[in-house]
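To start, the structure under review is shown below, and the notes come after it.
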Amino acid sequence: MSRIAYVNGRYILHSDASVHIEDRGYQFADGVYEACQIQDGAIIDVRRHLDRLDRSLYELDMDSPMERGPLVAVLREVARRNRVRDGLLYLQVTRGVAPRDHAFPKDAVPSLVVTAKSINPAGAQGRFEKGVSVVTVADNRWDRVDIKTVGLLPNVLAKQKARAAGAYEAFFVDKDGFVTEGSSTNAWIVTKDGKLVTRPAEHGILRGITRTVVLDLAAAEGLAVEERPFTVEEAQTAKEVFITAASTILVPVVRIDDRTVANGEPGLTVARLRSRFQEFAERTPI
Ligand code: PDD
């Protein structure tokens, strides 16, 4: 079966899909994106993702490419045409095509691209059962990482450093030694006395949709939560460490740099949260 992409109003073969060389996303990373999980034939938390997209567009003074209703219809259609039951939807909006000039163009029409791909659930299951390793890197990003822009070069370099070290993720560390977040995930620890700790979303991280759902879930489970920064050492000596993202939901971290977390096995809290995640996520059937 051929993959299909949505590009500016048309459903076309993925292999033929393209945007213009003067698209500002290509030239300036002048664009924003969302990635949503598809699970068992439903898009997870699409409302929250599109709320965050609206916020990203607003922060960059960029027009929305279409109203919410038609946009959800496009997302569902792309998932449907690609017959994705479990996978990932990717949506990107850029400021559009215009002759290269740093300042905003006057009449550019935003470009909208949507793709969908299936993900083999076995990979995710393996990561969940065994846990993953993480390396730490200096956080050298700009201070508007709350905006989900396609300008991801520091994240790309961080992830590559992880891969080169045989690790799954890289934790960014700020100049005071506190973990901000992963290169494409939010970071959490469980303290020895069972408190969930994650950095406040107001500064230095992306407010992850999965993070928001896990906070709701933790409250419902009666787990104590502290939104505060934590150091690399606190993470290395924590009872549990895990990461969250739409692409992976919850994944236990069992090693940070050269130190094993707890006994090197995934912990019980992450398993409990993961098993209940579905009850708190919103499902939009394809
Ligand atoms: N990444 N922090 C960063 C830097 C991210 O890129 C992401 C998501 C998250 C988690 O956010 P959410 O729970 O909304 O997925 C945190 C996506 C999956 C990506 O870039 O593919």
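Key figures
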| read-out | value |
| --- | --- |
| Candidate set: segment 137-165, residues that are farther than 23 Å from Q92 by Cα and out of contact with any strand residue (DSSP E or B) (no Cβ under 7 Å at 6 or more places or on another chain); chosen: the one nearest to the ligand (Cβ to nearest atom) | N140 |
| Residue list for segment 1-29, filter: polar (S, T, N, Q) and either exposed (fewer than 13 other Cβ atoms within 10 Å of the Cβ) or within 16 Å of the ligand (Cβ to nearest atom) (or both) | S2, S15, S18 |
| Only one of E279, E202 that is under 30 Å from R68 (Cβ atoms) and within 16 Å of the ligand (Cβ to nearest atom) | E202 |
| A98 being modelled with pLDDT under 95 and crowded, with 16+ Cβ neighbours inside 10 Å | no |
| Residue count, segment 254-271 (criterion: of a type in the set (D, E, K, R) and surrounded by 15 or more Cβ atoms within 10 Å (Cβ to Cβ)) | 1 |
| Failed condition for V32, given (1) within 16 Å of the ligand (Cβ to nearest atom); (2) out of contact with any helix residue (DSSP H, G or I) (no Cβ under 8 Å at 6 or more places or on another chain) | (2) |
| Any hit, segment 38-59, residues being among the hydroxyl-bearing types (S, T, Y), without any contact (Cβ under 8 Å) to a residue 40 or more places away in the chain, more than 15 Å from the ligand (Cβ to nearest atom) and closer than 30 Å to T212 by Cα | yes |
| Residue list for segment 112-152, restricted to those being without any contact (Cβ under 8 Å) to a residue 12 or more places away in the chain and either assigned to a strand (DSSP E or B) or of a type in the set (F, W, Y) (or both) | W142 |
| Single condition S184 does not satisfy, out of (1) within 16 Å of the ligand (Cβ to nearest atom); (2) in contact (Cβ under 8 Å) with a residue 60 or more places away in the chain; (3) part of a strand (DSSP E or B); (4) not hydrophobic (A, V, I, L, M, F, W, C) | (3) |
| Any hit, segment 77-92, residues being closer than 19 Å to I209 by Cβ, in a loop (DSSP other than H, G, I, E, B) and either small (G, A, S) or in the same structural domain as A245 (by TED's automatic domain parsing) (or both) | no |
| Check on T136, buried (at least 18 other Cβ atoms within 10 Å of the Cβ) and assigned by TED's automatic domain parsing to the domain that holds T248 | yes |
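The values are calculated or read from the model by the stated rules, or taken from the named source; none is laboratory data. Because the structure is predicted, anything quoted here is derived from the model rather than measured. Methodologically, a virtual Cβ is constructed for each residue, glycine included, from the backbone with ideal geometry; neighbour enumeration extends over all protein chains shown.
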